[in-house]
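Novice: Sharing a structure below in structure tokens format, with a few things to ask.
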Amino acid sequence: MTLLAQLSDLHIREGGALAYGLVDTRAFLARAVDHLNALLPRPDAVVVSGDLVDLGTASEYAMARAELDRLAMPWLPIPGNHDGDAFWDACADRMAAPVRGVGWVARVADTRIVLLDTRVPDALGGAIDETRARWLSERLSESDAPALLVMHHPPIPTGIGHMDAIGLDGVDRLEAALAAGPAPMAILCGHIHRMIVGRLGATPVIVAPSPAHAVTLDLAPDAPSTFHLEPPGVLLHAVSGGRLVTHLSFVGAFDGPHPFFAEGTRLVGT
Ligand SMILES: [Fe+2]
Ligand SMILES: [Fe+2]
């Protein structure tokens, strides 16, 4: 069994600055790291699906790493649109043989993790160009174990119009790579700051929430670009025998656990 946690969209600012003038993203990340470290059983690794920092500066990465390096397990990053070119140097020691601007591959227990860069410098939306599509095809075709594909931009419209407007170009190339196969068990994404489940063809697409702010759930086509401070969260992906089960885990202190039955009581009918 492989137990993989997913963190996404950390948006760390430097020097304690608040994201959007309001969100203390470093404090939110610190709580998420503590939460992940306290999980039992402990995840084998944590994928970090982009937007590690907010403006892409080297000093922001130093702050992000001050928290991420407290994780008791390996963390596996891929950039998002808020990440800068500095990402590749700042996270070099966390990636095995990365191809800059394209991706890298990790092995976690008996699961293969293919991490694909969808970032387009100085753009909010992402893209899969010919180079990335070819690299992905090669990585999927050589797969000797069930694979998960991790990329920042979801390859499906989510119904949140202002986010879909900064979505992913080149989805047809991704579909061709998946069709050539073997297709991954699922595509794990970020970018939308909400848990969303959909599918691209027969492949599940799972979007992680942020450990900080959430994009407002408003499916009106002209919904304004706003956020809410909903309960922060991480995902837990359990892979066993080629099957994937994904759980949402809220970060915070919640009342419980409470037993369903007091000691000595019985279920009715037993
Ligand atoms: Fe983000
Ligand atoms: Fe993003």
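The values are calculated or read from the model by the stated rules, or taken from the named source; none is laboratory data. Because the structure is a prediction, the values reported are computed rather than measured. All Cβ positions, even for glycine, are placed from backbone atoms using ideal geometry, and neighbour counts span all protein chains on display. In case anyone asks, the SASA skips ligands and DNA or RNA and just uses the protein heavy atoms, side chains included. Shrake-Rupley method; radii C 1.70, N 1.55, O 1.52, S 1.80 Å.
Novice: Are there any pairs, at least 6 apart or on different chains, whose C-beta atoms fall under 9 Å, with the first in region 155-174 and within 17 Å of N81 (Cα to Cα) and modelled with pLDDT of 95 or more and the second among the basic types (K, R) and part of a helix (DSSP H, G or I), and if so, which?
Specialist: Taking only residues 6 or more apart or on different chains, the pairs are G170/R132.
Novice: Same structure, new question: Could you look through region 76-97, keep only residues that are open to solvent by 10 Å² or more (accessible area, probe 1.4 Å) and in contact (Cβ under 8 Å) with a residue 60 or more places away in the chain, and pick out the one that is nearest to E14 (Cα to Cα)?
Specialist: Per the criteria, the residue is H82.
Novice: For region 130-147, what are the residues that are surrounded by 15 or more Cβ atoms within 10 Å (Cβ to Cβ) and modelled with pLDDT of 95 or more?
Specialist: Residues satisfying the conditions are R132, A133, W135, L136, S137, R139, L140, A147.
Novice: Take A220 and decide whether it is surrounded by 14 or more Cβ atoms within 10 Å (Cβ to Cβ) and either touching a residue at least 60 places away in the same chain (Cβ under 8 Å) or over 30 Å from G181 (Cβ atoms) (or both).
Specialist: It is false that A220 is surrounded by 14 or more Cβ atoms within 10 Å (Cβ to Cβ) and either touching a residue at least 60 places away in the same chain (Cβ under 8 Å) or over 30 Å from G181 (Cβ atoms) (or both).
Novice: Residues in region 4-13: is at least one away from ligand 1 (no atom under 14 Å from the Cβ), open to solvent by less than 40 Å² (accessible area, probe 1.4 Å) and either outside any loop (DSSP other than H, G, I, E, B) or within 24 Å of I206 (Cα to Cα) (or both)?
Specialist: Within region 4-13 (the criterion being away from ligand 1 (no atom under 14 Å from the Cβ), open to solvent by less than 40 Å² (accessible area, probe 1.4 Å) and either outside any loop (DSSP other than H, G, I, E, B) or within 24 Å of I206 (Cα to Cα) (or both)), the answer is yes, since at least one residue qualifies.
Novice: Going by what's in this entry, would D93 be described as outside any strand (DSSP E or B), within 16 Å of ligand 2 (Cβ to nearest atom) and over 21 Å from E175 (Cβ atoms)?
Specialist: Criteria not met by D93.
Novice: If you don't mind, another one. Testing V23 on (1) β-branched (V, I, T); (2) more than 17 Å from A86 (Cβ to Cβ); (3) in contact with a Ser or Thr (Cβ under 6 Å, 6 or more places away or on another chain); (4) within 16 Å of ligand 2 (Cβ to nearest atom), one condition comes back false. Which one is that?
Specialist: Failed condition: (3).
Here's the yes/no breakdown for (1) out of contact with any helix residue (DSSP H, G or I) (no Cβ under 9 Å at 6 or more places or on another chain); (2) within 16 Å of ligand 2 (Cβ to nearest atom):
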site: V105; (1), (2): no, no
site: E130; (1), (2): no, no
site: A133; (1), (2): no, no
site: V150; (1), (2): yes, yes
site: A183; (1), (2): no, no
site: A186; (1), (2): yes, no
site: M195; (1), (2): yes, yes
site: A202; (1), (2): no, no
site: A214; (1), (2): yes, yes
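Novice: Another one. What pairs can you find where one residue is in region 180-204 and hydroxyl-bearing (S, T, Y), the other is more than 16 Å from ligand 2 (Cβ to nearest atom) and open to solvent by less than 30 Å² (accessible area, probe 1.4 Å), and their Cβ atoms are less than 6 Å apart, with a gap of 6+ or different chains?
Specialist: Short answer, once both residue conditions are applied: T203/L178.
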